[in-house]
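Here's the structure, in C-alpha cells; my notes come after.
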Amino acid sequence: MPDVAGLTNVRAHFAEPGRQTVLYRTDEVGTSIALFLYRDPSHEYVPRPERAARLRTIYAGSGWHTPELLAHAPTGDLFMDTLTHIETPRWYAGRVVLIGDASGALTLASAQGASLAMAGGYLLAEALVAHPNDPRPRSPPTRPACDRSSPPANAVPARSPTASYRPPTQAMRSSAWPPG
C-alpha cells in the first residue's frame, strides 16, 4: 500500500470510537502497512470477496488518511481475523510456570508482550531466589503483583485490550456499534 502519510520511522495511530487505523512504513521506500481495528461483538467470519466492502462500510466517515488508505486496499486479498483474549484460571501447575505471552495471551493491539515477559521473568526469578534448592512444587508468591484478582491500577481489562487506544467517549460504550 502506498505511504499516504509520508511516514519516516514511526507508527501512527488514528483512533475513533469503536475503530482505529494504524499505519507504519515498510523497508520499501514509499510503501506502508495499514491495520484497521474495529469493535464487532459478533466475531463472524467475513468471506474474502466481502472484506474490502465491510471495511469501507465500517470506516465510512472516518478521518485522517483512512479514506485514502481504503481507496488503495485490494478488493480480493485482505487478511482479516479477530483479536481475542483468552483467560486462564491460573498460570502455573506444580513447577511449571507460564510467563510472557504464554500467560497473558495478549493481542497485537495491546503492545504489551515484552513488558509482560519481563515482569513475569522478574517475578519468577524473585520466587526462585526466595526458595533456592526447593524441589517441592509450590504456588507462586501471593503478593498483589502475582495475583490476577488484583491487577495493577494501570492494567488494561482483559476483555478490552485496545482500551488504551480508544478515546473514552459515550459512543464507544454504546451497544449500537457497528453502525448499520
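The values are calculated or read from the model by the stated rules, or taken from the named source; none is laboratory data. All of these numbers come straight from a predicted model, not from anything done at the bench. Quick reminder, even Gly has a Cβ in these numbers, built from the backbone with ideal geometry, and neighbours come from all protein chains shown.
What's the total number of residues in the stretch 62-76 that are in a loop (DSSP other than H, G, I, E, B) and either modelled with pLDDT under 80 or of a type in the set (A, V, I, L, M) (or both)?
Residues meeting the conditions: 2.
Could you check P89 against (1) modelled with pLDDT of 90 or more; (2) out of contact with any Leu (no Cβ under 9 Å at 6 or more places or on another chain); (3) not in a helix (DSSP H, G or I) and say which number it fails?
(1)
Spot the failing condition for T84; the list is (1) touching a helix residue (DSSP H, G or I) at 6+ places or on another chain (Cβ under 7 Å); (2) closer than 30 Å to A127 by Cβ; (3) of a type in the set (V, I, T), and only one is missed.
All conditions pass for T84, except number (1).
Given the residues G18, G63, G30, which is the only one that is farther than 23 Å from D77 by Cβ, among the small types (G, A, S) and surrounded by fewer than 17 Cβ atoms within 10 Å (Cβ to Cβ)?
Exactly one residue qualifies, and that residue is G63.
Any residue in the stretch 85-113 that's over 22 Å from Q20 (Cα atoms): show its pairings with residues that are modelled with pLDDT under 75 and of a type in the set (D, E, K, R) at Cβ separation under 8 Å, as long as the two are six or more apart or on different chains.
Matching pairs, first to second residue: R90/R148; W91/R148.
Kindly check whether there is at least one residue in the stretch 158-166 that is part of a loop (DSSP other than H, G, I, E, B), touching a strand residue (DSSP E or B) at 6+ places or on another chain (Cβ under 6 Å), at pLDDT below 55 and among the hydroxyl-bearing types (S, T, Y).
Yes: the stretch 158-166 contains one or more residues that are part of a loop (DSSP other than H, G, I, E, B), touching a strand residue (DSSP E or B) at 6+ places or on another chain (Cβ under 6 Å), at pLDDT below 55 and among the hydroxyl-bearing types (S, T, Y).
Does P144 satisfy being assigned to a loop (DSSP other than H, G, I, E, B), modelled with pLDDT under 85 and surrounded by 10 or more Cβ atoms within 10 Å (Cβ to Cβ)?
Answer is yes for this residue.
Whether any residue in the stretch 15-29 is outside the structural domain of T107 (by TED's automatic domain parsing), in a loop (DSSP other than H, G, I, E, B), touching a residue at least 40 places away in the same chain (Cβ under 8 Å) and within 23 Å of the chain's Cα centre (by Cα) is what I want to check.
yes
Residue under question is T84, and the condition is that it be under 18 Å from the mean Cα position of the chain (by Cα) and surrounded by fewer than 16 Cβ atoms within 10 Å (Cβ to Cβ); does it hold?
Spelling it out, T84 is indeed under 18 Å from the mean Cα position of the chain (by Cα) and surrounded by fewer than 16 Cβ atoms within 10 Å (Cβ to Cβ).
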